[in-house]
Structures are given as structure tokens and as C-alpha cells.
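Okay, so here's the structure we're looking at.
The values are calculated or read from the model by the stated rules, or taken from the named source; none is laboratory data. These figures come from a predicted structure and were not determined experimentally. So basically every Cβ, Gly included, is an ideal-geometry build from the backbone, and we count neighbours across all protein chains shown. Note: areas computed on protein heavy atoms with side chains; ligands, DNA, RNA excluded. Shrake-Rupley method; radii C 1.70, N 1.55, O 1.52, S 1.80 Å.
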Amino acid sequence: QVQLAESGGGLVQPGGSLRLSCAASGSIFSSAVMGWYRQAPGKQRELVASFTRSGMTSYADSVRGRFTISRDNAKNAIYLQMNSLKPEDTAVYYCRLTQLDATYWGQGTQVTVSS
């Protein structure tokens, strides 16, 4: 079994920054792929940023250049540095891990961008 725990969300003014963290625990294989998704009220969950199976990074067009995904393999953790935040970035942000054809989600962390 795999557990994911996100942290780092909160309220920030437009133009501000936040750093999200996701720590994975349990049976984590080296083939695991992790990424960040978000879901705004009334909208579908969407990809924000993710590592690919080859170790490259992938970003949604709406966040490219403002958000940066990084990882610490030794800690089975990923991070999302979010800069130049906009009100439209307001959402619940979820960490996702995929391995052996199984997908796991964290409980989510709320990010609110408002003045």
C-alpha cells in the first residue's frame, strides 16, 4: 500500500509564491511516477506538473514558466514551487503516484490566491 501526504497550501496574494510538498510512504518502487494535479470548484481535475517515466518533466501550459516540479528520490518526495500565483490558480492540489498500473492520490491541499 502507498500513502501520500501533501503539505504547504494556504492563502497567498496574487503574485506571491508557495511551495507544496508531497511525501510518499509504503511500498514505493523505482518505477513510480509522481506528479501534481489540481481541481478548482466546478471543474475537472487537471494535470499541473509531472515527471514522466523517462524522468523528464511535463507542465500544463497555464503554469509553464511559473511553476517548477522537483523531487528528492531518497525521501520519495516531490515538490511544487509556485511563483507569480494568479487567482485562477486557486484549487485543491493533489499529489499522484502511479506504479505497477495502480494509481494513488493524496488527500489534497488547498491553495487560495486572493487579495
From highest to lowest solvent-accessible area (probe 1.4 Å; ligands, DNA and RNA excluded), GLU46, GLU6, GLU88 read GLU88, GLU46, GLU6
Just to verify a number: what accessible area does VAL92 come out at with the full protein assembly present, 1.4 Å probe, Å² rounded to tens? 40 Å²
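If you count only protein heavy atoms with a 1.4 Å probe, what accessible area per residue comes out for the chain, rounded to a whole Å²?
Ligands and nucleic acids excluded, the figure is 54 Å² per residue.
Which trypsin sites (Lys or Arg not before Pro) in the range 9-115 sit in a loop by DSSP (not H, G, I, E or B) and have at most 14 other Cβ atoms within 10 Å of their own Cβ?
When the trypsin sites (Lys or Arg not before Pro) of the range 9-115 are filtered for loop state and at most 14 Cβ neighbours within 10 Å, LYS43, ARG53 remain.
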Just the number, please: carbon plus sulfur as a percent of the accessible area of the chain, 1.4 Å probe, no ligands or DNA/RNA counted. 47 percent
Heavy-atom accessible area of ASP61, protein chains in place, probe 1.4 angstrom, given in Å² to nearest 10, is 120 Å²
Binned Cα-Cα distance frequencies in the chain - 10 Å width, integer %: 15, 50, 29, 6, 0
Placing each pseudo-label 7 Å from Cα in the direction of the beta carbon, ARG66 and ALA40 end up separated by a distance in nanometres of 1.0 nm
